Amino acid sequence: MGRAGFVAGNWKMHGSLARNQELLEAVVSGTRSLQNVSCAVCVPYPYIVQAQSVLEGSHVAWGGQNVSQYHHGAYTGEVSADMLTDLGCRYVIVGHSERRILFGEENRVVAEKFRAAQECSITPILCVGETLAQRESGEAEQVIATQLDAVIDLAGIETLRHSVIAYEPVWAIGTGKTATPQQAQDVHEFIRSRIAVHNSRIAGDIQILYGGSVKADNARELFAMPDIDGGLIGGASLVAEEFISICLAAQN
Ligand code: 13P
């Protein structure tokens, strides 16, 4: 009964071979006894091989933070979903607000990336979320609906069966300003209802994570909300004890 928990770390552009080794080994040993919650780390491209070599055979999955919308070809600097599959990635983050805002990724491109991941059997973690200005002007739901609809329209509702959604309000990312459990719950519920218009079964099954300044000391109250199934963790995923505590908080 109910959805299993899921916690994914988004390391962003942090790490080094030496530091990662320590962090990965600590995460594997600290999460060994987890029940009914899965965990993953999404690492920078150059470290995927390292993540694979440390995590293979463990219960911690690994993935990328971005993916090309193309499968192969003359696309200098890009990395395809096929390549991520080759390196055993189970997940990839698509449409993170840092990609949308700093690198100009629009809804259409995010949807194409989502589809490319799906075509390679990688589970996309689709990020959606509003800026502070959008929330203050009452546009949050409309923005999120548009972000979701772009994916549903391009890839089809059935593809959501094998995907994860992360609600990450832009104003809560890296700011130390977490959405209250109720604020997050309201949006998660909205996302589920939006999906239910197409398919209520998928809406009930899909894992929806919250992301934005999740820490060991606020994770439990966020994850206690009925529509919050876990978290996408930035800064706190770089500190082993923090990340492990957050994974433990997602057990239900
Ligand atoms: P922080 O946890 O550092 O706020 O980052 C959240 C995030 O962007 C995860 O993708």
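The values are calculated or read from the model by the stated rules, or taken from the named source; none is laboratory data. On a predicted model such as this, the values are computed, not experimentally measured, just so you know. Here the Cβ is made from the backbone with ideal geometry for all residues, glycine too, and neighbour counts use every protein chain on show. Heavy atoms of the whole protein, side chains included, go into the accessibility calculation; ligands, DNA and RNA do not. Shrake-Rupley method; radii C 1.70, N 1.55, O 1.52, S 1.80 Å.
Before moving on, here are some points about what is shown:
- From the options Tyr47, Tyr75, residue that is more than 23 Å from Ile165 (Cα to Cα), more than 16 Å from the ligand (Cβ to nearest atom) and touching a Phe, Trp or Tyr at 6+ places or on another chain (Cβ under 9 Å): Tyr47
- Residue among Val187, Val197 that is at pLDDT 95 or above, surrounded by fewer than 21 Cβ atoms within 10 Å (Cβ to Cβ) and either within 16 Å of the ligand (Cβ to nearest atom) or farther than 27 Å from Arg19 by Cα (or both): Val197
- Test for Ile202: is it open to solvent by less than 60 Å² (accessible area, probe 1.4 Å), more than 16 Å from the ligand (Cβ to nearest atom) and out of contact with any strand residue (DSSP E or B) (no Cβ under 7 Å at 6 or more places or on another chain): yes
- Check on Gly211, more than 11 Å from the ligand (Cβ to nearest atom) and farther than 19 Å from Leu34 by Cβ: no
- Filter result for Ser53 (open to solvent by 80 Å² or more (accessible area, probe 1.4 Å) and over 23 Å from Gly174 (Cβ atoms)): yes
- Any hit, region 230-244, residues being near the ligand (Cβ under 10 Å from one of its atoms), touching a residue at least 40 places away in the same chain (Cβ under 8 Å), surrounded by fewer than 20 Cβ atoms within 10 Å (Cβ to Cβ) and in a helix (DSSP H, G or I): yes
- Hits in region 150-193 (condition: in a loop (DSSP other than H, G, I, E, B) and touching a residue at least 60 places away in the same chain (Cβ under 8 Å)): Glu168, Ile173, Gly174
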